[in-house]
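The values are calculated or read from the model by the stated rules, or taken from the named source; none is laboratory data. On a predicted model such as this, the values are computed, not experimentally measured, just so you know. Neighbour counts are summed over all protein chains in view; Cβ atoms, including those assigned to glycine, are modelled from backbone coordinates with ideal geometry.
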Amino acid sequence: MFSRFQQPATTLARGLATSSPNNVAVAVMGASGGIGQPLSMLLKLNPAVTKLNLYDIVHTLGVASDLSHCETKATVTGFVGEDQLEASLVGAEIVVIPAGVPRKPGMTRDDLFNTNASIVAKLSAAAAKVCPDAMIAIISNPVNSTVPIASEMFKKAGTYNPNKVFGVSTLDVVRANTFIGEKKGLDPASVNCPVVGGHAGITIMPLISQCTPAVQFPADELKALTERIQDAGTEVVKAKAGAGSATLSMAYAAARFTDSLIKAMSGQEGVVECAYVASNVTEAKYFSTPLLLGPNGIEKNLGLGNLTPFEQDLLKASLPELNGSIKKGEEFAKNY
Ligand code: NAD
Ligand code: LMR
């Protein structure tokens, strides 16, 4: 029996090599970057992936040549420069987008908007034209705005399917699981804490009251843990001191999310991931909640569940920022 918060262990995507064999074609857009390279590596190691197209504006021929020597069955092809953008998307069933600039210390994710909005718009427009049925997984920040931008590009092309456009917020869940595991002495792979809302600061809302196994913290610890999860991206940006933001943990998180999409596409039941998607759950038009995934993307939005007063306050505080970021993305796309 499927339950909202207790996923069968086999669907947790913690062991990427457990994917049921399939023949999935994946395109990585921004494949030469800090996330793109390790993500491409993890996808090359996934036995369900048989075709891996790597697109970037630089260096993909070298990355593809290098990866292609790994003794797994995925055929790896590099595509470089805008002339090869559409070719890189032919036949793609999943398009993962980590293209764009990362933060430096002192910046917010929204400070990346001016550069990354047009990158995501361009890549989404090409996907909407060449592989309109593909699952689209957007990593590029600010996710709270880039997902609305991508959605608008699909709408313009007349190929929008809200069940197939995802903002990848898996890293927030991965961090929540890790930090809770550390605090409670649990194997983090056995922890599952939903994280809802958006992917920036106070819009990141861990629902620790819904964690499995159930965990409890005194109020001050709960507040500090929640804030650590909300600020975890900034923690990495500070530690990298100008050399970018999270890349390795993000590659892991994106590989986990892609593997869950693959499992759901191949008919595995009970696959649940949180992701930032078009939503009716709150007043925000895009919102992350646990989603039951199926062969056609979102099969069912599992909603927010029961929130504690502390979590209700987090939600109230996040909505104005979330709505503003969504509107900003939509306005940009309108004029693109
Ligand atoms: P990076 O600078 O190392 O790599 C970005 C890559 O994108 C580069 O190889 C660059 O050449 C490429 N690129 C630039 N313009 C492009 C275009 N028009 N088409 C295709 N590729 C293009 O950056 P990174 O560390 O890999 O981060 C990438 C993005 O992911 C950033 O926006 C970052 O903020 C975001 N990010 C999101 C999450 C999340 O949880 N969603 C986590 C970490 C990072
Ligand atoms: C993260 O959460 O690590 C990413 O969104 C990158 C960042 O800028 O913090």
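Values as computed for the structure displayed
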read-out: Lone unmet requirement of (1) in contact with a helix residue (DSSP H, G or I) (Cβ under 7 Å, 6 or more places away or on another chain); (2) over 25 Å from VAL95 (Cβ atoms); (3) within 13 Å of ligand 1 (Cβ to nearest atom) for ARG228; value: (3)
read-out: Single residue of segment 1-43 satisfying the filter (among the β-branched types (Val, Ile, Thr) and assigned to a helix (DSSP H, G or I)) that is modelled with the highest pLDDT; value: THR18
read-out: Residue selected from segment 114-158 under the condition among the charged types (D, E, K, R) and under 20 Å from TYR55 (Cα atoms), by the criterion surrounded by the fewest Cβ atoms within 10 Å (Cβ to Cβ); value: ASP133
read-out: Count of segment 208-233 residues which are touching a residue at least 12 places away in the same chain (Cβ under 8 Å), among the hydrophobic types (A, V, I, L, M, F, W, C) and closer than 27 Å to THR247 by Cβ; value: 5
read-out: Verdict on LYS184 being of a type in the set (D, E, K, R) and touching a residue at least 60 places away in the same chain (Cβ under 8 Å); value: no
read-out: Positions within segment 191-217 being under 15 Å from the mean Cα position of the chain (by Cα) and either part of a strand (DSSP E or B) or away from ligand 1 (no atom under 15 Å from the Cβ) (or both), in sequence order; value: PRO194, VAL195, VAL196, GLY197, ILE204
read-out: Residues that are free of Cβ contacts under 8 Å to residues at least 60 places away in the same chain and either assigned to a helix (DSSP H, G or I) or of a type in the set (A, V, I, L, M, F, W, C) (or both), drawn from segment 285-326; value: LEU291, LEU293, PRO309, GLN312, ASP313, LYS316, LEU319, PRO320, ASN323, GLY324
read-out: Scope segment 92-119; condition in a loop (DSSP other than H, G, I, E, B) and of a type in the set (Lys, Arg); matching residues; value: ARG103, LYS104
read-out: Candidate set: segment 182-240, residues that are in contact with a Pro (Cβ under 9 Å, 6 or more places away or on another chain) and of a type in the set (Lys, Arg); chosen: the one farthest from ligand 2 (Cβ to nearest atom); value: LYS184
read-out: Candidate set: segment 253-272, residues that are away from ligand 1 (no atom under 13 Å from the Cβ) and of a type in the set (D, E, K, R); chosen: the one surrounded by the most Cβ atoms within 10 Å (Cβ to Cβ); value: ASP259
read-out: Count of residues meeting criterion [more than 10 Å from ligand 1 (Cβ to nearest atom) and either under 23 Å from ILE208 (Cβ atoms) or assigned by TED's automatic domain parsing to the domain that holds LYS104 (or both)] in segment 241-252; value: 1
read-out: Answer residue from segment 241-252, given it is part of a helix (DSSP H, G or I) and surrounded by fewer than 23 Cβ atoms within 10 Å (Cβ to Cβ) and is nearest to ligand 2 (Cβ to nearest atom) among those; value: SER249
read-out: Selection count where residues are within 15 Å of LYS285 (Cα to Cα) and within 11 Å of ligand 2 (Cβ to nearest atom), scope segment 147-174; value: 1
read-out: Some residue of segment 88-103 being in contact with a Pro (Cβ under 9 Å, 6 or more places away or on another chain) and not hydroxyl-bearing (Ser, Thr, Tyr); value: no
